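Worksheet: one structure, shown below.
The values are calculated or read from the model by the stated rules, or taken from the named source; none is laboratory data. Quick caveat, the model's predicted, so the values are computed rather than measured. Cβ sites come from the backbone with ideal geometry, for glycine too, and all protein chains shown count toward neighbours. Heavy atoms of the whole protein, side chains included, go into the accessibility calculation; ligands, DNA and RNA do not. Shrake-Rupley method; radii C 1.70, N 1.55, O 1.52, S 1.80 Å.
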Amino acid sequence: ASKSLGEICAEIGDGIHATPEYSDDGDYYFVNGNNLSGGKISTSGNTKRVSASEKSKYKDKLAEDSVLMSINGTIGNIAFYEGEKVLLGKSACYLNPSPELDRHYLYNFLSAPSTQEYFRGELTGSTIKNLSLKTIRSTMIYLPSMSKQKEISLRIESVRRCIAENSAQASKAREIKCALADALLSGRKRVSI
């Protein structure tokens with residue numbers, strides 16, 4: 001069975017559309033879509049911060065199982081919300097899955113090339129591209145049983161880990177090849193092969 005994300009998510013919303021008052025020693029990071037990558041929220045010393053009192057002015061509905069996605073400028077970066085102290089800006093949205101939708105399944109669905117391609121086709125705006133919450137809410141998702149969702153996510157994660165391991169091995173092999181080529185071609189060293 002398929003349902004729209006709006007039907008199967010408890011809440012879909014975006015970050016604030018105002019500029020908050022920044023604070024160098026604030027406890028909360030002001031996070032936008034460009035802070036989402038590889039399933040995580042990434043911050044640096046350059047990431048602006050806000051105080052707890054400034055954060056309290058804005059009501060978001062982030063939940064422990066929220067999935068975040070960039071929707072303005074950079075589209076389709078995705079991250080799990082893990083309870084970090086953040087205030088979302090308008091270029092990020094959050095999707096809070098209902099109990100019948102596994103957050104890893106939702107993450108994989110949003111990351112899927114076909115979903116990303118669909119989103120790119122639905123962008124609005126001429127200078128800065130934007131993916132509307134309306135489009136996200138109306139996006140259809142195939143919804144098998146919870147156990148099947150978890151099984152699908154585990155299989156995808158298994159392949160992702162395999163790719164990461166092979167990439168690391170390939171990187172190491174390239175380093176060895178370069179060192180070997182330098183040694184053999186320089187005439188400075190004898191190398192046994």
Boolean, Y58 is open to solvent by 40 Å² or more (accessible area, probe 1.4 Å), touching a Lys or Arg at 6+ places or on another chain (Cβ under 6 Å) and hydroxyl-bearing (S, T, Y): no
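Can you say whether A18 is at negative phi and either in contact with a Pro (Cβ under 6 Å, 6 or more places away or on another chain) or open to solvent by 40 Å² or more (accessible area, probe 1.4 Å) (or both), as far as the supplied structure shows?
Numbers: at negative phi: yes; either in contact with a Pro (Cβ under 6 Å, 6 or more places away or on another chain) or open to solvent by 40 Å² or more (accessible area, probe 1.4 Å) (or both): yes.
Against the criterion (at negative phi and either in contact with a Pro (Cβ under 6 Å, 6 or more places away or on another chain) or open to solvent by 40 Å² or more (accessible area, probe 1.4 Å) (or both)), A18 qualifies.
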Search segment 82-98 for residues being closer than 18 Å to S56 by Cβ and part of a loop (DSSP other than H, G, I, E, B), and hand back the single one that is farthest from the chain's Cα centre (by Cα). K85
From (1) of a type in the set (F, W, Y); (2) under 22 Å from R120 (Cα atoms); (3) open to solvent by 60 Å² or more (accessible area, probe 1.4 Å), pick out the condition that doesn't hold for F80. (3)
Going through segment 152-177 in order, the residues found to be open to solvent by 80 Å² or more (accessible area, probe 1.4 Å) and either more than 22 Å from S111 (Cα to Cα) or at pLDDT 90 or above (or both) are L154, R155, Q169, K172, R174, E175, I176, K177
